[in-house]
Amino acid sequence: MVERRARKHHQDRVAEALREEIDVLIEGELSDPRIDFCHVSEVALNPGGKSARVYVALDGAVKDIAKAEAETIAGLEAAKGYIRHELQERMGLRRVPDLSFLADRSGRFRARIEELMNRSRKTTATSRSVAMTDGKEKPSSRSLSEIDSLHR
């Protein structure tokens, strides 16, 4: 079977170059008031190179993050033609992929998971310390499988 490492490496390089250029465009040249402070976290280029998903992460200091994400994505979708034109000029690609902008929520999900894990660790630690007050360990009300599932 033929390995296609060179093609994959080329796609990865093009995706990284697209990420950097789109990030520079968003930070410096787009003046749409709908676009909040954000950065491009990842560009996923489809194998044919005809389309790409651009994941945009917003600054966490925004009060209504869902509304800000929707407005930012709408602003970027409106500026898609300008962004593609600038990418053509700057990168010299024969064919600039069709871009679709998506909100990157992985940072918020990661923070929520960490919060839940810390809460679970605290409740486990307090239940063990309460059980150890007699000098000998009493069985916890939770089974080991429940505690294990909380830590995953």
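The values are calculated or read from the model by the stated rules, or taken from the named source; none is laboratory data. Every value quoted in this text rests on a predicted model; they were computed, and no experiment measured them. Virtual Cβ from ideal backbone geometry, glycine too; neighbours counted across all protein chains shown.
Considering only residues that are among the basic types (K, R) and not in a helix (DSSP H, G or I), which ones fall in the range 94-115?
Selection gives R94, R95, R105.
Counting only residues that are assigned to a loop (DSSP other than H, G, I, E, B) and of a type in the set (V, I, T), which one in the range 1-46 is surrounded by the most Cβ atoms within 10 Å (Cβ to Cβ)?
I35
In this structure, does D59 turn out to be surrounded by fewer than 15 Cβ atoms within 10 Å (Cβ to Cβ), closer than 21 Å to H10 by Cα and either charged (D, E, K, R) or touching a Phe, Trp or Tyr at 6+ places or on another chain (Cβ under 9 Å) (or both)?
Here the answer is no, as D59 does not meet what is asked.
Every residue in the range 89-101 that is under 12 Å from L25 (Cβ atoms) and surrounded by fewer than 16 Cβ atoms within 10 Å (Cβ to Cβ), please.
If the condition is that a residue be under 12 Å from L25 (Cβ atoms) and surrounded by fewer than 16 Cβ atoms within 10 Å (Cβ to Cβ), then E89, R90, M91 are the ones that fit.
Being in the same structural domain as A15 (by TED's automatic domain parsing), closer than 17 Å to E27 by Cβ and either of a type in the set (S, T, N, Q) or not in a helix (DSSP H, G or I) (or both) is the requirement here; does Y82 meet it?
Spelling it out, it is not the case that Y82 is in the same structural domain as A15 (by TED's automatic domain parsing), closer than 17 Å to E27 by Cβ and either of a type in the set (S, T, N, Q) or not in a helix (DSSP H, G or I) (or both).
Of the residues V14, V43, which single one is closer than 24 Å to F109 by Cβ and in the same structural domain as R95 (by TED's automatic domain parsing)?
The conditions single out V43.
Tell me the residue from G49, G75 that is crowded, with 17+ Cβ neighbours inside 10 Å and more than 18 Å from L102 (Cβ to Cβ), please.
G49
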